[in-house]
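The values are calculated or read from the model by the stated rules, or taken from the named source; none is laboratory data. Computed from a predicted structure; not experimentally measured. Positions of Cβ are backbone-derived with ideal geometry, glycine not excepted, and every protein chain shown enters the neighbour counts. To get the accessible areas, we keep the full protein, side chains included, count just its heavy atoms, and leave off ligands, DNA and RNA. Shrake-Rupley method; radii C 1.70, N 1.55, O 1.52, S 1.80 Å.
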Amino acid sequence: MHDTLVDISAGQAPRLKSFSLTHFQYQDGDHFGMLLALISLAPIFLIVSETSIILSRREMAGVLLLLGQLLNELFNLIIKLIIREPRPHEHLGDGYGMPSSHAQFMGFFVVYVVVYLETRVVMHQVHRRVVQAGSLVLGGLVLISRVYLGYHTVRQVLAGTIVGAGAGAVCT
């Protein structure tokens, strides 16, 4: 009787698969790459933040943002299944690379935030611009991370950004 879930007594190690939701690789010793790998987690952080805001404040704007992003992710999956373009380095992730889902997510988020703050929120102009600029910087860093870390080509990232930005504009 073994205490593990995997029986390796037959002499062969099982083929393991990583859970790619948070699995990012960067070159050992590359501190900028490590920073970009951490920044690549921004979409997960944003989804958790949005869900927390929805649960605590119960405002329709948060619900619409989260629903829009989830539909945007579904749209991304459909596009990937139609185009079927591989990633530039297939060992860095499962699934197709065109368009980049991180880029599409951030394109949606940035456009939604910028337009929403501009058209529906009354706040001091300086505060509005700081939040808008912050979302643009975060979005840009996520886009850079996808190419720098080798998960996508520039074309895949640009396509994701354009599709996500368009979806974000439609949803606001």
For the range 112-119, state whether one or more residues are without any contact (Cβ under 8 Å) to a residue 24 or more places away in the chain, at negative phi and open to solvent by 50 Å² or more (accessible area, probe 1.4 Å). yes
Considering every residue within the range 127-150, establish whether at least one is of a type in the set (D, E, K, R) and under 30 Å from Met60 (Cα atoms). yes
Conditions (1) within 23 Å of Thr51 (Cα to Cα); (2) open to solvent by less than 40 Å² (accessible area, probe 1.4 Å) -> Cys171 fails only (2)
Check off (1) touching a Gly at 6+ places or on another chain (Cβ under 8 Å); (2) open to solvent by 90 Å² or more (accessible area, probe 1.4 Å); (3) under 21 Å from Phe32 (Cα atoms) for Leu136 and give me the number that stays unchecked. (1)
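Based on what the data block shows, is Ser100 buried (at least 17 other Cβ atoms within 10 Å of the Cβ), touching a residue at least 40 places away in the same chain (Cβ under 8 Å) and either closer than 15 Å to Ala169 by Cα or out of contact with any Ser or Thr (no Cβ under 7 Å at 6 or more places or on another chain) (or both)?
Working: buried (at least 17 other Cβ atoms within 10 Å of the Cβ): yes; touching a residue at least 40 places away in the same chain (Cβ under 8 Å): yes; either closer than 15 Å to Ala169 by Cα or out of contact with any Ser or Thr (no Cβ under 7 Å at 6 or more places or on another chain) (or both): yes.
Taking the combined requirement at face value, the residue satisfies it.
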Do the conditions hold for Glu90, that is, is it free of Cβ contacts under 8 Å to residues at least 24 places away in the same chain and charged (D, E, K, R)? yes
Selection within the range 54-72 - closer than 14 Å to Tyr112 by Cβ, touching a helix residue (DSSP H, G or I) at 6+ places or on another chain (Cβ under 8 Å) and not small (Gly, Ala, Ser): Val63, Leu64, Leu65, Leu66, Gln69, Leu71, Asn72
Subset of the range 74-129, residues hydroxyl-bearing (Ser, Thr, Tyr) and farther than 23 Å from Ser40 by Cβ, comes to Tyr116, Thr119
Among the residues of the range 39-71, which ones are within 28 Å of Tyr26 (Cα to Cα), of a type in the set (Gly, Ala, Ser) and in contact (Cβ under 8 Å) with a residue 60 or more places away in the chain? Ser40, Ala42
Being in a loop (DSSP other than H, G, I, E, B) and under 18 Å from Ser100 (Cβ atoms) is the filter; apply it to the range 40-68 and report the residue that is least open to solvent (accessible area, probe 1.4 Å). Ser40
